[in-house]
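Colleague: Here you go, one structure.
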Amino acid sequence: MRIGVPKETKTLEGRVALVPAAAGDLVKRGHEVWLECGAGVKSGFGDEQYTRLGVKIAADAADVYAKGELIVKVKEPIAGDLAHLRRDHLLFCYLHLAAEPALTRKLLDIGLTAIAFETVELPNGDLPLLAPMSIIAGRIATQIGTTLLHQPQGGKGKLLGGLPSTERGKVVVFGAGKAGGAAAALAAAAGANVTVFEMRQDRMDEMMRLGNNVTALYPYHDVVAREVAAADLVVGAVLVTGARAPHVLTRDMLKDMEDGSVVVDIAIDQGGCFESSRPTTWKEPTFVEEGVTHFCVTNMPGAVPQTSSQAICAAILPWVNKLASGGNWRDNAALVRGINVEGGKLVHPALQGMKP
């Protein structure tokens, strides 16, 4: 099969879907891999590292989409990409369509088959292609939140870990999955007092094992309001597979936080789990509402493209192999569950009630 790997076009996005070694493996399996010129440069991979392994270089986006049958990229297609997508393309990337009705409408109009990384689901409910980026986003959330608490950044001027004679900072995390768990673990390791809200008992147990400075609680409304009001940093990592994220932090709760506090919404790709959230980019990553700094960048892992590209590629390569093998990929239930749109129709159950 001919596999096309375009350059990512989202603002300050540096990831590439296939690193050279992975692309080379696909070539050895008999596939033809076309990489858009310079697509791997921001991740530290020059074109020559690909060509040495038999990868072909496409001059521009139009060329790579013209050559490819299976299009493998990282982020959802935007204007430039949409101009080149065809009905006969099989698209494999992150999509987050629940928060993107306009994109959904365009993909339906094109009529292609699009499988979203974030909805490829194993029988036990695990999301193997979302997990690595969730972990990175969780760590970035705590790193960025820590920095935004610095006074020169507009923060309240608090060091999360504290030290003798000072109070520890307080971090609240919504969700103890891959992203929330990673955010909580890093905050706990920094010495902050961490409260994690989670509904699953097994995940609460896992969070408690992070250390004596971590508390795991069920998200009763009054308890959430109390903990948020006392927080320096709040991280939102709530996920409903394929669907819009529910709002777990209301504007009324936000008003009770101290000025200079910080909230980071990892769920912004799925519409955001804070009532006051709106999407931002790495170029203009923050805004202030009710005196609280908001960080709602929709491609957080794009800030560390070398690490992120290596991680996502290792996760997706076995699935790319299945898709490239031909029609028998439909025998794989996890991939079939990952289909979002096909032939002009919404396929994924979480999108069925959507009006694009």
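Colleague: Identify, by number, the condition in (1) over 30 Å from residue 46 (Cβ atoms); (2) of a type in the set (Val, Ile, Thr); (3) not assigned by TED's automatic domain parsing to the domain that holds residue 115 that residue 297 doesn't meet.
Modeller: (1)
Colleague: Continuing with the same structure: Kindly indicate whether any position in the range 100-110 is outside the structural domain of residue 281 (by TED's automatic domain parsing), buried (at least 23 other Cβ atoms within 10 Å of the Cβ) and not hydroxyl-bearing (Ser, Thr, Tyr).
Modeller: Looking for residues that are outside the structural domain of residue 281 (by TED's automatic domain parsing), buried (at least 23 other Cβ atoms within 10 Å of the Cβ) and not hydroxyl-bearing (Ser, Thr, Tyr), one finds at least one in the range 100-110, hence yes.
Colleague: Which pairs do you get when a residue that is under 11 Å from residue 356 (Cα atoms) and free of Cβ contacts under 8 Å to residues at least 40 places away in the same chain, found in the range 104-115, comes within reach of a residue that is in a helix (DSSP H, G or I) and of a type in the set (A, V, I, L, M), reach meaning Cβ atoms under 6 angstrom, with the pair 6+ apart or on two chains?
Modeller: Final answer for the pair search is 106/82.
Colleague: Considering only the range 337-347, state which residues are surrounded by 11 or more Cβ atoms within 10 Å (Cβ to Cβ) and either touching a helix residue (DSSP H, G or I) at 6+ places or on another chain (Cβ under 6 Å) or at positive phi (or both).
Modeller: 338, 340, 341, 344 - these are the residues of the range 337-347 that are surrounded by 11 or more Cβ atoms within 10 Å (Cβ to Cβ) and either touching a helix residue (DSSP H, G or I) at 6+ places or on another chain (Cβ under 6 Å) or at positive phi (or both).
Colleague: Which one of these does residue 10 not meet: (1) modelled with pLDDT of 95 or more; (2) within 24 Å of residue 116 (Cβ to Cβ); (3) not polar (S, T, N, Q)?
Modeller: (1)
Colleague: For the range 125-150, what are the residues that are part of a loop (DSSP other than H, G, I, E, B) and closer than 20 Å to residue 192 by Cβ?
Modeller: 149, 150
Colleague: May I ask you to list the residues in the range 267-286 that are in a loop (DSSP other than H, G, I, E, B), under 16 Å from the mean Cα position of the chain (by Cα) and farther than 22 Å from residue 177 by Cβ?
Modeller: 278, 281, 282, 285
Colleague: Tell me which strands (runs of 3 or more DSSP E) are completely within the range 151-266 and hold 1 or more residues being assigned by TED's automatic domain parsing to the domain that holds residue 118 and either at pLDDT 95 or above or on the phi > 0 side of the Ramachandran plot (or both), or say none if there are none.
Modeller: Here the list is empty.
Colleague: Considering only residues that are of a type outside the set (Gly, Ala, Ser) and assigned to a helix (DSSP H, G or I), look in the range 302-316 and name the one that is farthest from residue 11 (Cα to Cα).
Modeller: 316
Colleague: From 23, 39, 58, which residue is in contact (Cβ under 8 Å) with a residue 24 or more places away in the chain and under 22 Å from the mean Cα position of the chain (by Cα)?
Modeller: Just one listed residue meets the conditions, 39.
Colleague: Give all pairs with beta carbons closer than 9 Å in which a residue from the range 308-329 that is under 15 Å from residue 74 (Cα atoms) meets a residue that is outside any helix (DSSP H, G or I) and polar (S, T, N, Q); count only pairs at least 6 apart in sequence or on separate chains.
Modeller: Matching pairs, first to second residue: 319/332.
Colleague: Right, here's the next one. Scan the range 90-101 and report the pairs whose first residue is closer than 11 Å to residue 113 by Cα and whose second residue is of a type outside the set (Val, Ile, Thr) and assigned to a strand (DSSP E or B), with Cβ atoms within less than 6 Å and a gap of 6+ or a chain change.
Modeller: Listed pairs, sorted by first residue: 90/70; 91/114.
The values are calculated or read from the model by the stated rules, or taken from the named source; none is laboratory data. Because the structure is predicted, anything quoted here is derived from the model rather than measured. In this analysis, Cβ positions are derived from the backbone assuming ideal geometry, glycine residues included, and neighbour counts consider all displayed protein chains.
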